[in-house]
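Values quoted throughout were computed directly from the atomic coordinates according to the rules given, and no laboratory measurement underlies them. Computed from a prediction, not measured in an experiment: that's the story for all the values here. We place every Cβ from the backbone using ideal geometry, glycine too, and count neighbours over all the protein chains shown.
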Amino acid sequence: MTPLSDKIASWIQEAGTPITFARFMDMALYDPDHGYYTTGGNRARTGDSSSPIGMEGGDFYTAPCVSPFLAKSLVRQLQEVDALLENPPEFTLLEMGPGEGRLIHDVIDEMATQDLGLLSRLTVILVERSPYLRTFQEQALSAYSSRMKIHWIADLDSLDAESFVGVVVSNELVDAFPVHRVRMESECLKEIYVNYVDGQFVEHLDEPSTDELLNTLKALDVELPDGMTTEINVNAVGWMQQVARVLRRGVVLTIDYGHTSQDYFSPTRKDGTLMCYYRHTVTTNPYERIGEQDMTAHVNFSRLAQVGDTAGLTLTGFTNLMHFFMGLGIDEMVAGYAQESEEVKAAIELLRHQGMGTTFKVLVQHKGLEAPNLQALKHRAFFDGALMPVRCQA
Ligand SMILES: C[S@@+](CC[C@H](N)C(=O)[O-])C[C@H]1O[C@@H](n2cnc3c(N)ncnc32)[C@H](O)[C@@H]1O
């Protein structure tokens with residue numbers, strides 16, 4: 001048992017009722033005292049100052065840990081959007097879920113190195129739920145924070161409607177939102193709840209806790225086959241609506257691992273996509289090392305595009321990380337490096353087929369702009385319409 005599993009067990013026992021898996025995952029990741037992201041997987045309590053995110057010492061690593069190529073590509077993307085917006089006097093880059101702050105640090109570094117005029121008009125807004133990770137971000141940006149406009153906020157609620165012009169970016173944010181888990185049983189949709197019985201966490205099926213679960217499947221025109229377990233990310237819907245609300249004009253880039261709806265509900269994923277990470281080991285058991293391991297589910301990009309469209313974000317395009325990098329000229333960026341250099345090895349890692357290059361997708365949406373023809377989308381990984389609901393009877 002961990003301090004957090006004790007806390008969740010007592011909570012269930014005192015309430016006398018099981019909790020939804022989404023509630024369990026929210027506590028496991030974000031409990032204010034013991035959650036994985038609140039304590040860095042318990043590192044904060046044991047005096048370990050390392051981060052939970054990283055190639056060495058962490059539990060998992062992300063594209064910004066591999067190399068600054070994502071940041072360099074993002075700078076090219078920001079320049080392109082800046083031109084489309086006709087160089088506004090204030091250009092905002094809002095990053096949500098910046099983790100250790102590597103991506104934003106490398107973006108500012110790249111802009112400073114290239115001496116871009118855009119930097120003088122740049123306002124950075126970092127949206128971070130975890131006060132623990134915010135300290136890493138403050139440290140990463142300490143050289144810049146007194147010289148430019150960098151603001152931290154805990155959520156998007158504190159921003160006014162249509163409050164800025166620019167770009168909203170996230171990398172591996174949506175996969176960290178707590179998800180509801182559902183299972184089709186005898187042609188009825190059931191939700192997975194978590195109970196605590198005889199000293200163990202046990203799963204329990206019951207009626208869905210919210211109409212949103214069935215409504216999501218209906219909106220996507222999906223009929224789950226009997227026996228299939230999957231995840232429904234209701235939080236992602238609210239997030240997409242909030243992004244649409246706060247952006248006045250600009251582009252939204254959502255980078256994460258995930259699928260079109262058709263692939264999300266494919267029979268090859270009949271047990272869903274929930275995964276846990278601990279010291280670079282992957283498991284599917286969310287009931288061990290509670291608060292000490294990361295928990296994540298793949299992203300349904302069709303649902304994000306659908307909700308965004310209704311909320312005022314038009315779909316610009318959908319691609320994978322490999323094509324995104326190629327479109328933004330990663331080949332030119334590595335051209336000066338030797339074949340055996342760390343930079344070329346990092347580029348290969350980011351582009352790897354069946355690795356980050358194709359597992360990670362990039363959803364691009366825009367608001368207040370004519371349909372932009374972005375370089376990042378010039379190599380097409382998917383046909384137009386790939387995100388549209390296709391009747392899925394997996
Ligand atoms: C998997 S980490 C990714 C970190 C970073 N973007 C990277 O690529 O290395 C998820 C990040 O999202 C943050 N996060 C999760 N839910 C959030 C929310 N609702 N609001 C703001 N930040 C959130 C976490 O605290 C963490 O910083």
Place +1 on the Cβ of every Lys and Arg and -1 on the Cβ of every Asp and Glu in the chain, take the dipole about the Cα centre, and give the residue among Thr46, Val127, Ala9 whose Cα lies farthest towards its positive end.
Val127
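Suppose the chain between Asp211 and Ala311 were pulled fully straight at 0.36 nm per residue; how much longer would it get relative to their current alpha carbon spacing?
On the way: separation 100, 0.36 × 100 = 36.00 nm, distance 1.96 nm.
Between Asp211 and Ala311, full extension yields an extra 34.0 nm.
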At what distance in angstrom do the alpha carbon centres of segment 183-257 and segment 57-110 lie from each other?
29
How large is ³J(HN,Hα), in whole Hz, for each residue of segment 177-194 in order, when computed from phi with the Karplus curve 6.51 cos²θ - 1.76 cosθ + 1.60 and θ = phi - 60°, using x for Gly and Pro?
7, x, 10, 7, 10, 10, 9, 8, 10, 6, 6, 10, 7, 10, 9, 8, 10, 10
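Considering Cα pairs under 8 angstrom that are at least six residues apart, work out the relative contact order of segment 3-377 and quote it in whole percent. Could you put the intermediate results ahead of the total?
On the way: 707 pairs, mean separation 72.2, N = 375.
Here the relative contact order equals 19 percent.
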So who's got an amide H within less than 5 Å of the one on Asp31, skipping anything under 5 residues away but keeping other chains? H placed 1.01 Å off N, in plane.
Tyr36
What's the magnitude of the charge dipole for segment 168-214 around its Cα centre, counting Lys and Arg as +1 and Asp and Glu as -1 at the beta-carbon? Answer in Debye, nearest 20.
100
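When ranked by the protection proxy of mean other Cβ atoms within 10 Å per residue, highest first, what sequence do the peptides 303-315, 9-21 form?
303-315, 9-21
Report the antiparallel proportion of the DSSP beta bridges in the chain as a percent, rounded to a multiple of 5. It would help to have the intermediate numbers written out before the result.
Numbers: 37 of 64 bridges.
Given both bridge residues lie in the chain, the antiparallel proportion sits at roughly 60 percent.
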So what J values fall out for segment 87-97 if you push phi through Karplus, 6.51 cos²θ - 1.76 cosθ + 1.60 with θ = phi - 60°, rounded to Hz, Gly and Pro as x?
6, x, x, 10, 10, 9, 10, 9, 10, 10, x
Collect residues whose amide H, placed 1.01 Å from N in the peptide plane, falls under 5 Å from the amide H of Trp152; neighbours closer than 5 in sequence don't count.
Leu126
Once both label points are put 7 Å beyond Cα along the C-beta direction, the Thr135-His353 separation in nm becomes 4.5
For Ala381, which sequence-distant residues (separation of 5 or more, or a different chain) have an amide H within less than 5 Å of its own amide H, given hydrogens modelled in the peptide plane?
Asn320
Which order do the peptides 342-348, 75-81, 134-140 come out in when sorted by mean C-beta neighbours inside 10 angstrom, highest first?
75-81, 134-140, 342-348
For a test of understanding, tell me how many lysine pairs in segment 3-377 have Cα atoms under 29 Å apart, given they are 8 or more places apart or on different chains.
13
Given unit charges at Cβ for Lys, Arg (+) and Asp, Glu (-), the dipole magnitude of the chain about its Cα centre in debye, nearest 20, is 540
Of Val167, His151, Thr20, which is farthest on the positive side of the dipole of the chain, counting Cα position, with +1 on Lys and Arg Cβ, -1 on Asp and Glu Cβ, and the Cα centre as origin?
Val167
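Placing unit charges on C-beta atoms (Lys and Arg positive, Asp and Glu negative, everything else neutral), compute the dipole magnitude of segment 84-213 about its Cα centre in debye, rounded to 20. Please list the in-between numbers first.
Details: 9 positive and 25 negative charges, 125 e Å.
Approximately 600 debye in magnitude.
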Determine the shape class of segment 63-205: with a ≥ b ≥ c the square roots of the Cα gyration tensor eigenvalues, call it rounded for a/c under 1.5, and otherwise prolate if a/b is greater than b/c, oblate otherwise.
prolate
